[in-house]
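Enquirer: There's a structure below that I have some questions on.
The values are calculated or read from the model by the stated rules, or taken from the named source; none is laboratory data. Predicted model only: the values in this text are computed from it and were never measured. All Cβ positions, glycine included, derive from the backbone under ideal geometry; neighbour counts span all protein chains shown.
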Amino acid sequence: MSAKTYSQPPEFNLDPEKSYKAIVEMDNGNKITIDLLSKEAPKTVNNFVSLARDGYYDGIMFHRVIPG
């Protein structure tokens, strides 16, 4: 599966009255909820939310190992 590409950033569509969260579902069925800080990083959150709504992250595996 190849990653979808975009020619430009998405239109700004965040609602300033809403809070945004990302829910990451793990292989074992557990879920992690991440608060997206739209007031601190509005463009980054807008990009993330737009990509998520477009299905960009669906099925993407990721991991991070932190020693200790």
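Enquirer: Test each condition in (1) free of Cβ contacts under 8 Å to residues at least 12 places away in the same chain; (2) loosely packed, with under 10 Cβ neighbours inside 10 Å for Asn13 and report the one that comes out false.
Expert: Answer for Asn13: the failing condition is (1).
Enquirer: Suppose we filter Ile60, Ile34, Ile66 for residues that are at pLDDT 95 or above and β-branched (Val, Ile, Thr); which single one remains?
Expert: Within the list Ile60, Ile34, Ile66, the selection yields Ile34.
Enquirer: Residues of region 1-57 being acidic (Asp, Glu) and part of a strand (DSSP E or B), which ones?
Expert: Glu25, Asp35
Enquirer: Check whether at least one residue in region 24-35 is among the β-branched types (Val, Ile, Thr) and touching a residue at least 24 places away in the same chain (Cβ under 8 Å), and report yes or no.
Expert: Within region 24-35, not a single residue is among the β-branched types (Val, Ile, Thr) and touching a residue at least 24 places away in the same chain (Cβ under 8 Å).
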